[in-house]
1. Restricting to region 86-120, name every residue that is of a type in the set (S, T, N, Q) and either more than 18 Å from I50 (Cα to Cα) or surrounded by fewer than 17 Cβ atoms within 10 Å (Cβ to Cβ) (or both).
2. Can you name the residue in region 1-58 that is outside any helix (DSSP H, G or I) and not charged (D, E, K, R) and is also farthest from E138 (Cα to Cα) among such residues?
3. Write out, first by first residue and then by second, each pair whose Cβ atoms fall under 8 Å of each other, whose residues are 6+ apart or on separate chains, and whose first residue, in region 120-135, is polar (S, T, N, Q) while the second is part of a strand (DSSP E or B).
4. Only residues that are more than 20 Å from L42 (Cβ to Cβ), among the aliphatic types (A, V, I, L, M) and assigned to a strand (DSSP E or B): list them for region 121-170, please.
5. For region 121-133, enumerate the residues that are surrounded by fewer than 22 Cβ atoms within 10 Å (Cβ to Cβ) and at negative phi.
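No lab work stands behind these numbers, since they all come straight from the coordinates. Keep in mind the model is a prediction, meaning the values are calculated, not measured. Backbone-built Cβ (ideal geometry, glycine too); neighbour counts: all protein chains shown.
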Amino acid sequence: MRSVKGFTLIELMVTIAVAAILVSLAIPSFRNLMVSSRLNGLASDMTDVISFARSESIKRNTTIQLCRAANDAATTCTGAAGEWTNWVVLSGANVLRRGVINTYGATIEVTSDLSDDRVDFGGDGLARTGGNIIAESEIAICSTDGPTESIRNVTFGAASRVSTSKISGVCP
């Protein structure tokens, strides 16, 4: 009688059980990685928009506004605080650039502590909100699902220095 080469049913069942355990451990980590990546991407996008507005103010030697917009076709600022879903960069009444905050299907909120959700960059490149030079203001990008570090702050510091940071906690 020859020996048959192959796997027994028990060996296959054990292999499938081990694979199922590994997949069940990997899925939450992968989900957290995706949310974290989306938050980092949105923070980077906001930093790029801020840099664009600041560089345009210096280049044109005039005041440039970055603000929250009501929709993706808006040509003015909303004029009140709320959640950011769209933004617009204005030079007077002229729209320089506008965009949508794309969350890619994740539960992400974008808020700020800027006066009327608006920042004005003077011809000197300094950021102002409510007529005052910004010392410490931020745009918060947060997720209600995902990793423990689920907030990214885009912070305006001294001399309009912009930085991003990861913060642990829950959405404000």
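1. Those that are of a type in the set (S, T, N, Q) and either more than 18 Å from I50 (Cα to Cα) or surrounded by fewer than 17 Cβ atoms within 10 Å (Cβ to Cβ) (or both): S91, N94, N102, T103, T107, S115.
2. The qualifying residue farthest from E138 (Cα to Cα) is M1.
3. Pairs found: T129/R118; T129/V119; T129/D120; T129/S137.
4. Answer for region 121-170, where residues must be more than 20 Å from L42 (Cβ to Cβ), among the aliphatic types (A, V, I, L, M) and assigned to a strand (DSSP E or B): just I133.
5. G122, G123, D124, L126, R128, T129, N132, I133, listed by residue number.
Residue-by-condition table, conditions (1) out of contact with any Pro (no Cβ under 6 Å at 6 or more places or on another chain); (2) more than 18 Å from I50 (Cα to Cα); (3) not polar (S, T, N, Q):
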{"position": "T129", "(1), (2), (3)": "yes, no, no"}
{"position": "I133", "(1), (2), (3)": "yes, no, yes"}
{"position": "S137", "(1), (2), (3)": "yes, no, no"}
{"position": "T144", "(1), (2), (3)": "yes, yes, no"}
{"position": "R152", "(1), (2), (3)": "yes, no, yes"}
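Results for (1) in contact with a helix residue (DSSP H, G or I) (Cβ under 8 Å, 6 or more places away or on another chain); (2) of a type outside the set (S, T, N, Q), shown as yes or no for each residue.
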{"position": "D48", "(1), (2)": "no, yes"}
{"position": "T76", "(1), (2)": "no, no"}
{"position": "G92", "(1), (2)": "no, yes"}
{"position": "I108", "(1), (2)": "yes, yes"}
